[in-house]
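The values are calculated or read from the model by the stated rules, or taken from the named source; none is laboratory data. Here the structure is a predicted model, which is why all the values come from computation and not from measurement. Glycine also receives a Cβ, built like all others from the backbone with ideal geometry; neighbour counts cover every protein chain displayed.
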Amino acid sequence: MTAHLKTSLVAALEAAASRAGMVLVSASESSDTQGEPTAVFELALPGSGPSARTLKLELSEAFDFDKPHLLPEMTAHLAAEARRLRNPRPDCYVTLHGLPLSFGRFGWPFHESTSGADTSLVHGEIHLQDGAESILHAKVAVSMTVTFRDVVPAPEQPFAEGFIYNAVRKTMDQGQLELVKSGNRQPVPLTTRYYSTKQKKFVFNDTTADQRKAFLATKLYWLSGVLGAGEPVWLLDPRDAQYLDTSLDELRASAGTLMAEGLLRLAPDAEYGSPTAKLMEHHHAYQARLAQTLESIKPSFNEEMRGGLTNM
């Protein structure tokens with residue numbers, strides 16, 4: 001580890017993690033896809049044991065987030081990650097169409113396209129997580145245009161991970177990503193259609209109250225009931241609120257409806273909850289919806305893509 005990494009970036013990250021309610025477990029050097037040095041941090045909740053859930057954060061080694069326009073967003077990111085770490089599967093999310101997915105192996109930060117295109121890319125993988133030994137997955141290449149780059153504070157994980165994950169979920173909803181047993185990297189174009197310049201925010205889906213309630217029920221079923229052994233999951237995740245184009249208050253209202261219907265059991269911390277036996281009785285319906293969605297996202301237009309993406 002270089003002296004620069006020890007004295008500046010580590011100290012700044014450790015202070016930001018402390019403000020967010022986490023502790024720094026380790027810091028090490030690595031490199032991005034173009035060989036540029038990066039710093040990899042492992043964070044955990046205070047008092048966590050050796051087998052505790054941890055957060056991996058990778059930053060450009062030369063990156064300085066301790067700036068007035070970057071620090072608040074970094075602090076908010078880490079605070080949300082601290083809440084997310086309390087989920088039984090912090091790496092997992094559900095889509096509006098009922099797919100439980102894990103996100104991993106994202107190579108931060110963004111790197112410039114080697115094909116000559118004026119775009120920045122980040123590579124990663126999503127895997128189907130249905131509680132079985134599924135090998136269905138998709139390798140993705142998320143591309144950010146020059147125009148879109150102007151609305152991103154920095155092309156680094158804390159400032160981009162949320163909308164990247166939501167763009168992947170949205171692209172999956174549209175049937176433009178296929179979960180396969182093996183295959184080439186699939187494109188996820190990130191353009192200004194996902195950003196409202198008038199509202200100064202990201203926009204992915206227009207949802208109704210019924211859709212938000214169904215989404216939360218699906219999240220409870222898969223992430224707690226199937227994958228989490230009934231452990232509570234975070235109901236008021238701002239990443240989900242962005243994906244659903246809704247507010248945390250509206251998510252709270254959806255949770256209240258589920259509780260009134262006997263489908264949700266709140267934890268002592270009312271921002272978390274687990275499914276009731278009544279909700280888990282809908283096992284066959286959720287499995288059928290999963291099978292239907294998997295069938296529907298087998299696009300017929302991507303045979304050329306199957307042959308290989310040379311520029312990704």
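Details
- Per-region count, the stretch 196-235, residues aromatic (F, W, Y) and in the same structural domain as G262 (by TED's automatic domain parsing): 4
- Remark: E161 falls outside the filter, which requires a residue to be crowded, with 19+ Cβ neighbours inside 10 Å, among the acidic types (D, E) and either under 20 Å from T114 (Cα atoms) or in contact with a Cys (Cβ under 9 Å, 6 or more places away or on another chain) (or both).
- Of residues in the stretch 177-228 being of a type in the set (S, T, N, Q) and touching an Asp or Glu at 6+ places or on another chain (Cβ under 8 Å), the one farthest from F163 (Cα to Cα): S224
- Subset of the stretch 58-81 (residues that are of a type in the set (G, A, S) and touching a strand residue (DSSP E or B) at 6+ places or on another chain (Cβ under 8 Å)): S60, A62
- So P268, is it at pLDDT below 95 and either among the small types (G, A, S) or assigned to a loop (DSSP other than H, G, I, E, B) (or both): no
- L216 being more than 21 Å from C92 (Cβ to Cβ), buried (at least 16 other Cβ atoms within 10 Å of the Cβ) and in contact with a helix residue (DSSP H, G or I) (Cβ under 8 Å, 6 or more places away or on another chain): no
- Tabulated pairs, the stretch 120-147, first closer than 14 Å to L294 by Cα and assigned by TED's automatic domain parsing to the domain that holds N184, second charged (D, E, K, R) and surrounded by fewer than 21 Cβ atoms within 10 Å (Cβ to Cβ), C-beta under 6 angstrom, 6+ apart or interchain: I135/K181; H137/E125
- Residue match in the stretch 98-121 (condition: surrounded by 20 or more Cβ atoms within 10 Å (Cβ to Cβ), more than 20 Å from V152 (Cβ to Cβ), at pLDDT 90 or above and out of contact with any strand residue (DSSP E or B) (no Cβ under 6 Å at 6 or more places or on another chain)): yes
- Residue pairs meeting the criteria (Cβ under 6 Å; at least 6 apart or on separate chains; first at pLDDT 90 or above, in the stretch 9-31; second of a type in the set (D, E)): L24/E14; V25/E42; S26/E42
- Failed item, numbered, when L9 is tested on (1) crowded, with 19+ Cβ neighbours inside 10 Å; (2) closer than 26 Å to L236 by Cα: (2)
- Restricting attention to the stretch 274-296 and to residues that are under 13 Å from P100 (Cβ atoms) and among the hydroxyl-bearing types (S, T, Y), the residue that is modelled with the lowest pLDDT turns out to be T293.
- Of residues in the stretch 122-140 being modelled with pLDDT of 90 or more and farther than 17 Å from L177 by Cα, the one surrounded by the most Cβ atoms within 10 Å (Cβ to Cβ): D130
- Of all residues assigned to the stretch 64-79, at least one qualifies as being among the charged types (D, E, K, R), in contact (Cβ under 8 Å) with a residue 40 or more places away in the chain, surrounded by fewer than 20 Cβ atoms within 10 Å (Cβ to Cβ) and closer than 29 Å to E271 by Cα.
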